[in-house]
Every structure is written in structure tokens, then in C-alpha cells.
Amino acid sequence: MKEGKSAKSKHHHHHQHQQSNGHASPFAFSKLLDPDASWDKDQLGDVLHWIRQALGIAFGLLWGAVPLVGAKWIVLFLVLSSAIIYSYYAIILKVDEEEFGGHGALLQEGLFASLTLFLLVWILVYSLAHF
């Protein structure tokens with residue numbers, strides 16, 4: 001009996017080790033564009049959060065390099081990033097937003113962090129490139 005438990009324990013430990021070093025990742029990038037994939041609230045929230053951060057960096061680089069100034073560009077960033085996020089979850093993934101707390105919850109995911117990142121990158125690029 002002890003031998004059976006020991007073998008199970010070794011197998012369990014090996015499985016945990018395999019997951020921790022990244023060989024058995026539970027997340028597949030193909031899922032990002034698959035409307036038939038099933039999402040839990042945390043996974044979808046994480047994906048929307050990181051897409052927003054990438055958008056914040058991209059728009060910040062663009063706005064700073066052009067160079068654009070003024071509050072209207074902040075509003076445009078918020079509108080564009082929200083439209084992209086909405087399009088992603090509603091049109092590409094076709095998720096039922098009510099399962100995830102409604103449009104408000106999904107559209108707020110990562111919003112303030114991305115706004116902060118956007119402003120940081122925009123100001124940094126603008127200042128370094130034009131002064």
C-alpha cells in the first residue's frame with residue numbers, strides 16, 4: 001500500500017514540476033481567435049487586460065512620435081481601445097457578456113492601467129523625441 005502511494009506522489013510531483021517549468025501550459029494561443037473556445041471569467045479578464053496594455057503602449061508610441069498634444073487625444077485613445085476590446089470579445093470571440101458581468105465589467109478590464117501606461121509612454125516618447 002505504501003508503495004502505491006509513493007508512486008502516486010512521485011507522479012503527482014512530476015506533473016506539478018512539468019506545469020511549473022512551462023512544458024504543460026494550460027493556455028493555448030490558438031484560443032485567442034477561436035469563437036468556439038470556452039472562457040472562464042479570470043482567463044477572459046486577463047486576455048482583455050493584456051490586450052489593453054499592448055494598445056496603451058502602441059497608441060502611446062504613435063501619439064508621442066507624431067507628435068500629438070491635447071486632451072482630445074486621450075479621449076480618442078479611450079474610445080479606440082474600448083472599441084477594439086468590444087470588437088474582440090463581441091465579434092471575434094462571440095462571448096455572452098452577461099456571463100462575465102455585462103459590457104461594463106468587460107470594458108473596464110485593464111482600463112485604468114492601460115490609460116496610465118498610455119500616458120506614460122506618450123509623454124516619454126514625446127519628450128525624448130521633440131525636446
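None of the figures in this text is laboratory data; all of them are computed from the coordinates on show. Values in this document were obtained by computation on a predicted structure and should not be read as measured data. FYI the Cβ positions are ideal-geometry reconstructions off the backbone, even for glycines, and counts take in every protein chain you see.
Binning the alpha carbon pair distances of segment 27-130 at 5 angstrom intervals from zero yields the distribution 2, 13, 23, 21, 15, 11, 8, 5, 2, 0, expressed in whole percent.
If we count other beta carbons within 10 Å of each Cβ, what is the order of Ser127, Ser114, fewest first? Write out the running numbers ahead of the final one.
On the way: Ser127 11, Ser114 25.
In order of increasing Cβ crowding within 10 Å: Ser127, Ser114.
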